[in-house]
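The values are calculated or read from the model by the stated rules, or taken from the named source; none is laboratory data. These figures come from a predicted structure and were not determined experimentally. Glycine also receives a Cβ, built like all others from the backbone with ideal geometry; neighbour counts cover every protein chain displayed. The accessibility values were calculated without ligands, DNA or RNA, using every heavy atom of the protein model including side chains. Shrake-Rupley method; radii C 1.70, N 1.55, O 1.52, S 1.80 Å.
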Amino acid sequence: MNAIDATDRAVAEQDIEPPSLLTIIIDTNPHAWALLDDTLPLTKAVASLLVFINAHLAINYTNQVAVIASHSERAEWLYPTDVHPDNVQSNGALANGRDYEDLMDRGGPVQPPDDANKYRPFAQLEHTLMYNLRKMMNTTTTDAINSSPATMLAGALTRALAYISKQTASLPTATSSTQFNYSDPSAMAGGNELTTDPTKSANALGLSSRILIVSVSGDLADRYIEIMNCIFACQRMSVPIDVLKLAGDPVFLQQAADTTGGIYMSLSTSTARAGLLQYLMFAYLMDQTARNHLIAPGEGEGVDFRAACFCHKRVVDIGFVCSICLSIFCEPLPDGTCLLCGSHLSMTNYGRKPVVVPKKKVKKKKRPTESGTDTPASGAGTPMPG
Amino acid sequence: MADSDAEYDGEGPDEDDVMEVSDGGRRAMASRPKERAQARWEATASSNWELQEAADGSIEGILGGLEEAGKRKRLLKDTTPLQRGIIRHTLLVLDLSSAMLEKDLRPTRHLLTINYTIMFVREYFEQNPISQLGIFGMREGLAIRISDMSGNPNDHIAALKQLRSTEPKGNPSLQNALDMARAALYHTPSHGTREVVIVLGALLSSDPGDIHDTIKACIRDRIRVRIIGLAAQMHICAEICRKTNGGDENYYNVAVDEVDYRQQLMDITTPPVLRSTDTEAQKHNQAALLMMGFPSRIVEEKPTLCACHGNLTRGGYLCSRCKAKVCNLPATCPTCDLTLILSTHLARSYHHLFPLRNWVEVSWTRARQEGSIQCFGCLTPFPRIPNPQEAVNGTEHDVASARTKRAEGASESSRYECETCGQHFCIDCDVFCHEVVHNCPGCQSNAHLPGNQNGHDAG
Ligand SMILES: [Zn+2]
Ligand SMILES: [Zn+2]
Ligand SMILES: [Zn+2]
Ligand SMILES: [Zn+2]
Ligand SMILES: [Zn+2]
Ligand SMILES: [Zn+2]
C-alpha cells in the first residue's frame, strides 16, 4: 500500500570513491619521547608519518588530512595552521598585509620553497607540519614540562571532532535527507545518523573520516570522562579511532578503538617500533570501505574494560557504583554519601544485585501477526497486579 | 465492549482547561483535523511573509541570524546538573488503529510512526544504555505485544520492521494499553523509572471499563505516562498525563507537523529529571552503593566452557573477582554473584552529570578586544571585525547594523565564547560541542586554565 507514496525512491548509484579525511593525533609528550629516544626518536616517527600521510593523499585527489599535536600542557594544530590573534591586526588583516582567507587556502603562514622534484601538496604539508611542530617545541617551557607529565588527548580529540564535524557538514551528501535540514531540531551537526529512512546510511557518499592516535603516554585516567565523551561522539558520528600505541598503558585507548570499530595495535618492543612505517602502511592506510573486505589486525586480542574511579582517578576493575548517578568509586564511601549527587547510600547491602541485569525470560517471544488473533493480547481480562 | 470514556475537547465545558495545557504555539490549533491542517498551512505562509518584510538591507544577515538563533534556542538549556533517572524502564505504546491510516503526516501516520520509532529506539539506547524498553500496540480495542521488555535495540527494531507490513485496524483502547503496561512494569525494580509513552493518532478510546480506576492504579504503581497526540487535544489524555506526573502539564503534547512529532519523540530519550517525591522514595529504600565488576574481554585459542550456560565458547569476559567466564554483559557472575558490567555502559550517562556550560554571545567590542579570527574548534574563519571608526560611517556601518539586527539569541559577531577558557567558537561548534561531544575544545586543550585544575568543565 505504500508503493506509491512511500519514500523508497531509487537513488542513482555512483561508484566514485568518496573523499576521506584522515585526522592524525600525535602524542608529543616530551617525557614519553625521551624514554623512546634510543629506539625511535620523534623526528624519525614524524618522518614515517609524513610518508604515511603522503600515501593517504596520493590514493585519492579529494582526500584530506589534518594533524593535531597532543602536547604535555596543550593541544595544538600542526596542519592546517591555527592562526593566533597575535599575528593579526585588530581589523582582522594579517600583520604582513596578506588577507587571512588567502592564508587559510595555502594551509598556513609559511610557504614551502619551490622544488620542482616534489609534488606541491606534499611539500606544502611537510613544510607546514614541520614548521608548526618546531614552533610548538620551541615555545614549550621547562616549567610546562615539569608541571604536567600527561598529555592533552581529550583536547586533541575534541578539536579533531569539531573539525571533522564541520568538514562533514560542509560537504553535501547525496543521500542525506533535505526534508529535515536546519529546521530539524535534533539532527546532529555532522548530519550523520538521523535521516528519515533509517535503513539508508547517511554518509554513503559524504566525507568518511577516521582518526589515528599515535600514543606514547600512559596515564589518561584524570581525563576519563572527557575521553569517554569523545569516544561516544565518535561512535555516533561513525568515525573509527585507530590507535597505534608505542609505549604506555593501553586501557582507555583500547576501549576507544573497540567501541568505535578502529584498529588497535601496540608496538611494545624496540624491533616492532623499528618497523613503524611498515605497520602504518599495512595496518592503517585502508579506509572504511576497504576495511569491510579485510581482516583487521589486532582483532584476536582481548580488550581491557577497566574504568577510572571518580575519587582518586585510579584505574579499577571492581568499583562501587552509586545507584542514582552511576559514579564509580574505588572504595566504600566513609559516610555513605555519594560525592557527586549527595544521595545517602545504604552501605549494608552493597553486595546486592542491581537491576541492570535482565531477568531470565521464561516465555517464548511471539511476533504480532497481521490478524493479531494469536498474539498475547489484553482484553478485559488483562492480568491485574495487586 | 463499552464505548469510550474519553471525550473530544472543543465542545465540552472543559475547553478552557484543556487549552491551558497547550502552550503558545499550539494554542492556535483547533480541535478538528480539517481546521488544524488549515492552521498549519496558514502558519507557514505567514511566517514566510514576516521574513520578507524584515529583510530590508541585508537578507543574508537576517536569514543567517534566524538560522543561528534557531540552532541556539534549543541549546540554551539549564545546565545545572540535575538528578536524572538513568536506569529507566519505558514502555512505548503505538496506536495501530484505523486513525493511523490518515495521510496528514507523510507518507502515512502509521509508516512515519514506525520510521520514527526505529530512530527512537536507537537513540533511546544510545542515551540510556542500561535501561529497558518494551513496545506495545493498540489495535481493534486490544493491547498487543510488539516486543518484550529488553535492553537490546535490535529485538525492537526487528519487531518494528515487521509491523510495516501490517495494516492498522479498529479502535485503540487506552485503558487496555495502560493495564497491560502496568502488568509489564510491575516487576521492574523500584529504583528505576517506570514510564509509559503513548503515541495516539485516534480521537477516541474504546475501553472496557472505567479508565479512572486505571489512572489511579498507575499513580499507585509510580508509572509516569506521556502521550504524543497526532490529531488534536483530548481531555482524557491531558488528565492521564497530569495525574501520573504529579500535576505537571508538560507531558501531553500534540505534534503539529512531522518535525515537531520527531522532536517530541526524541525529547523522551533524555533521561527524565527525578521529582522530589521520587527522590524521597529512592532515598528511603533504594539508593545504594552497588559493587560492580568491570571485566575485560578475552579471546582464547581453544574453546572453554562458560560459567553461565555451560557452552563451549572461544572468549568472553572474566569475572573481576573470581575469574569465571561469562559470555555476555551485563550479567551476574554465576559463581560469586558479583554484578559484571561494561564500564562503557556507565560512562555514557556521565555527560548528564557534568553538563557543558552554555557559551555566551560575543559583541563586536569583545571580539575586537580578543582579536579572534577563526573558530578555535574547527578553524573556520569568522567574519571580519569592523574597525571602530569604520563602523560609524561608510560601508561597514551597514554590515554592522544589519548584524546587530540579527535575531534574538544569535551573536552579532557570529562568535560564541566559553567563559571558562575564553576561546571563541562558531555556531556549528557550539551546537556540536553541546549536543554531541559534551566537551569544550578550549578547556580540554589547555592544562593551565584559571580555576580549572580539577579537570571538569563544570568545575
Ligand atoms: Zn578512588
Ligand atoms: Zn551519586
Ligand atoms: Zn554463557
Ligand atoms: Zn565472580
Ligand atoms: Zn567552529
Ligand atoms: Zn572552554
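Some observations on this one:
- Per residue of peptide A:307-319, the mean number of Cβ atoms on other chains within 10 Å of the residue Cβ is 4.
- Converting phi to 3J(HN,Hα) with the Karplus coefficients 6.51, -1.76 and 1.60 and the offset θ = phi - 60°, segment B:417-427 yields 10, 7, 6, 6, 9, x, 7, 9, 9, 7, 5 Hz in sequence order, with x at every glycine or proline.
- Estimated FRET transfer efficiency (A:ASN117, B:SER363; beta-carbon r; R0 60 Å; 0.05): 0.70
- Note that segment A:255-266 has calculated 3J(HN,Hα) couplings of 5, 4, 5, 5, 5, 8, x, x, 9, 10, 9, 10 Hz, one per residue in order, obtained from phi through the Karplus relation 6.51 cos²θ - 1.76 cosθ + 1.60 (θ = phi - 60°); glycine and proline are x.
- Per-peptide packing, taken as the mean over residues of other Cβ atoms within 10 Å, places A:303-313, B:226-236, B:356-366 in the sequence B:226-236, A:303-313, B:356-366 from highest down.
- Peptide A:218-231 is shielded by partner chain Cβ atoms: per residue, an average of 5 of them sit within 10 Å of its Cβ.
- Annotation: peptides B:240-247, B:138-145, ranked by per-residue average of other Cβ atoms within 10 Å with the highest first, follow the order B:138-145, B:240-247.
- Overall, segment B:81-281 carries a charge dipole of about 280 debye about its Cα centre when +1 sits on the Cβ of Lys and Arg and -1 on the Cβ of Asp and Glu, all other atoms neutral.
- Other-chain or far-sequence residues with amide H under 5 Å of A:THR337's (modelled H): A:LEU345
- Where B meets A: accessible area buried, both sides, 1.4 Å probe, Å²: 11300
- Sorting the segments A:54-64, A:249-259 by their mean number of nearby beta carbons within 10 angstrom, highest to lowest, gives A:249-259, A:54-64.
- Amide proton proximity set for B:ARG226, modelled H, under 5 Å, gap of 5+: B:VAL196, B:VAL197, B:ILE198
- Taking every residue in B:335-341 and counting other chain Cβ atoms within 10 Å of its Cβ, the average works out to 4.
- Computed from the C-beta positions of B:ASN311 and A:ILE295, the FRET efficiency with R₀ = 22 Å rounds to 0.30.
- In this structure, the amide hydrogen of A:ILE328, modeled 1.01 Å from its nitrogen in the peptide plane, lies closer than 5 angstrom to those of A:PHE310, counting only residues at least 5 positions away or on a different chain.
- For segment A:31-44, putting each phi into the Karplus relation 6.51 cos²θ - 1.76 cosθ + 1.60 with θ = phi - 60° gives couplings of 4, 5, 5, 4, 5, 8, 4, 7, 9, 9, x, 4, 4, 5 Hz, in residue order, rounded to whole numbers and with x for Gly and Pro.
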